[in-house]
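Colleague: Handing you this structure, nothing more for now.
The values are calculated or read from the model by the stated rules, or taken from the named source; none is laboratory data. A quick note: this is a predicted structure, and the numbers were derived from the prediction, not measured. Positions of Cβ are generated from backbone atoms using ideal geometry, with glycine treated the same way; all protein chains shown enter the neighbour counts. These accessible areas exclude ligands, DNA and RNA; they are computed on the full protein's heavy atoms, side chains included. Shrake-Rupley method; radii C 1.70, N 1.55, O 1.52, S 1.80 Å.
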Amino acid sequence: MEFDKELDLKGEVCPFTFVKSKLMIEQMDLGQVLKVILDYKPSVENVPKSFQDEGQEVLEVKQVADNLWEVYVRKVK
Amino acid sequence: MSFQFTEEQIKRYSRHIILPEVGGKGQEKLLKSKVLVIGAGGLGSPSLYYLAAAGVGTIGIVDFDVVDFSNLQRQILHNTERVGTPKVESAKKTLEALNPDVNVVAYNTKIQKSNVMDIIKDYDVVLDGSDNFPTRFLVNDACYFLGKPLVSAAILRFEGQLTVFDYRDKQNSPCYRCLFPEPPPPGLVPSCQEAGLLGVVGGIMGTLQANEALKLILGIGEPLVGKLLVFDALTTEFNIVKLRKDKKCPLCGEEPKIKELIEYDQEGCEIRF
Ligand SMILES: [Zn+2]
C-alpha cells in the first residue's frame, strides 16, 4: 500500500502509540496516508479504533510478522 | 505545520493531545499563550496550578503580599516553610517544580493606576482572584480599555461567583461595572468577622476560572459570558443568572462617563473577597 508518511512505533505502548500517530496526522495534508508500525498488540486495536472515533479513514491493518503490524490511515479531516 | 514537542512533552500532555478538541494544535496554542493571574491566594492557587499543569507557556502573577499562616487553610501553592516569603516567589517555585515548560513572571507589586496597563498589555487572558474592590475595578477598567478577556471570580463564606467579561467583543459582553457601577461605600464592605471562608470554595471557583481561561485560549466550548455562575457549598448547588449589558453603565454604556483609569482607596479592614 502506498503512503506519504511512516511512523515506526516499535517499543511504544498505549496511549502513546495513538498520541504520536495523532500528532503526525495533524501535521499532514488532507488525503495523505500515514503508515504506522506497531509491535504492541493492544495498540493494534486501539490505534485504528481511536482514529475511527476521530473520523479518520482506516485503510488497512495487517500483521507482517510474528509481533509486527502495520496500520494505514488516510487523513480525511 | 510541524510540531516541536519533546518526548517528555508528548508524555506530559498526552491526555490533552488525545482530546479531539485539543490535539497537538491546541497544546501548541497553550504553550504559546500568556495568562495573567491577579492574586496568588485562594483563587489564584488552584487556577495557577492548573494553568501551569496544562502547559500555558507564560504565566504572570501579581501579588505584593507575603505568605502568612492564615493563608495556608486554602492557598495551596504555598506551604509552612515559606511563611514570611513573598507569595509570588513561593508560587513561582511551586509552578516551576510542576512544569519546567512554563515561564513564570512574578510581579511582586501592588496593582496601581501607574502600572496596571503595562502589566496587562502583553497577556492574552486575565484572571482576577484579588481580594479587594480597588484592585477589581482597576483590573476591570484596564482590561476593558485594552480589550482583554477577563475571567472574574469572587468567594466569601460558603459562596462563590464566576463570570467572564469578554472585552474582545465590547459590543456584546457586559462589564464588571454593569454589575457594580462603583465600589461599595466603606460601611457596606464586609467586616473581618464576616469575612470567613471555607477554603475549598476557592479551590472550586479558582479551578473553574482556569477552565474558562483554557477554553478562551483553545477557542472551544462556550465561555461564561453574560452569565454569572453562583456556587453554594452548603447545598452543593450551582445556579446561573443571566447578566445584561447596562445601557447606562458608566464604562460600557451608551454615554460612558469613565474614560480613564480610576484609583479608589480601600479603608479600614480589608475584606477577603
Ligand atoms: Zn458595563
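Colleague: Once Rh is set to the Kirkwood radius over Cα pairs, what Stokes-Einstein translational diffusion coefficient, in µm²/s, holds for chain B at a temperature of 37 °C and a viscosity of 0.692 mPa s?
Modeller: In µm²/s, the coefficient is 172.
Colleague: Give the calculated FRET efficiency between residue B:169 and residue A:8 to the nearest 0.05, with a Förster radius of 45 Å applied to their Cβ-Cβ distance.
Modeller: Efficiency for this residue pair is about 0.45.
Colleague: Here is a further query. When ligands, DNA and RNA are left out and all protein chains stay put, how many square angstrom of accessible area per residue does the stretch B:31-92 have with a 1.4 Å probe?
Modeller: That works out to 36 Å² per residue.
Colleague: Let me ask you something else. Which whole-number percentage describes the relative contact order of chain A, with Cα contacts under 8 Å and a sequence gap of 6 or more?
Modeller: Relative contact order of chain A: 34 percent.
Colleague: For the stretch A:60-74, take each phi angle, set θ = phi - 60°, evaluate the Karplus expression 6.51 cos²θ - 1.76 cosθ + 1.60, and give the result in whole Hz per residue in order, putting x for glycine and proline.
Modeller: Values per residue, Gly and Pro as x: 6, 10, 9, 8, 10, 7, 3, 10, 8, 10, 10, 10, 10, 10, 9 Hz.
Colleague: Near the amide H of residue B:132, under 5 Å away, which other amide H atoms are found, from residues 5 or more places off or on another chain, if H is placed in the peptide plane?
Modeller: Amide H to amide H, under 5 Å and 5 or more residues apart or across chains, residue B:132 pairs with B:273.
Colleague: Could you give the length gained by full extension between residue B:158 and residue B:32, i.e. 0.36 nm per residue of separation minus their alpha carbon distance, to one decimal place?
Modeller: Length gained between residue B:158 and residue B:32: 41.8 nm.
Colleague: Something else about it: Using modelled amide H (1.01 Å from N, peptide plane; none on Pro or chain starts), what sits under 5 Å from the amide H of residue B:66, excluding residues fewer than 5 places away?
Modeller: B:87
Colleague: Still on this structure, I have one more. I'd like the FRET efficiency for residue A:60 and residue B:240, computed as 1/(1 + (r/R0)^6) with the beta carbon distance as r and R0 of 56 Å, rounded to 0.05.
Modeller: Between residue A:60 and residue B:240 the formula returns 0.70.
Colleague: Can you list residues from other chains, or at least 5 along the same chain, whose modelled amide H is less than 5 Å from the amide H of residue B:197?
Modeller: It is B:157, by chain and number.
Colleague: While we're on this one: Which ³J(HN,Hα) values, rounded to whole Hz and listed in residue order, are derived for the stretch B:38-53 from phi using the Karplus coefficients 6.51, -1.76 and 1.60 in 6.51 cos²θ - 1.76 cosθ + 1.60 with θ = phi - 60°, glycine and proline given as x?
Modeller: So the J values, rounded to whole Hz, are 8, x, 9, x, x, 8, x, 4, x, 5, 4, 4, 6, 5, 5, 4.
Colleague: Evaluate peptide A:46-54: per residue, the Cβ atoms of other protein chains within 10 Å of its Cβ; return the mean as an integer.
Modeller: 1
Colleague: While we're looking at this one, here's another question. Across peptide B:20-27, how many C-beta atoms of other chains are within 10 Å of each residue C-beta, on average?
Modeller: Counting Cβ atoms of other protein chains within 10 Å of each residue's Cβ and averaging gives 3.
Colleague: Further question: Past the 23 Å Cα-Cα mark, which pairs from A:10/A:49; B:87/B:259; B:25/B:215; B:113/B:242?
Modeller: Pairs exceeding the cut-off: B:87/B:259; B:113/B:242.
Colleague: Under a Cβ-Cβ cut-off of 13 Å, what is the net charge of the residues other than residue A:31 that fall near it, where Lys and Arg count +1 and Asp and Glu count -1?
Modeller: 0
Colleague: Still on this structure: What ³J(HN,Hα) values, in whole Hz, does the Karplus curve 6.51 cos²θ - 1.76 cosθ + 1.60 give for the stretch A:27-44 when θ = phi - 60°, with x put for Gly and Pro?
Modeller: Each residue of the stretch A:27-44 in turn: 8, 8, 8, 4, x, 6, 10, 9, 9, 10, 9, 10, 10, 10, 4, x, 5, 5 Hz.
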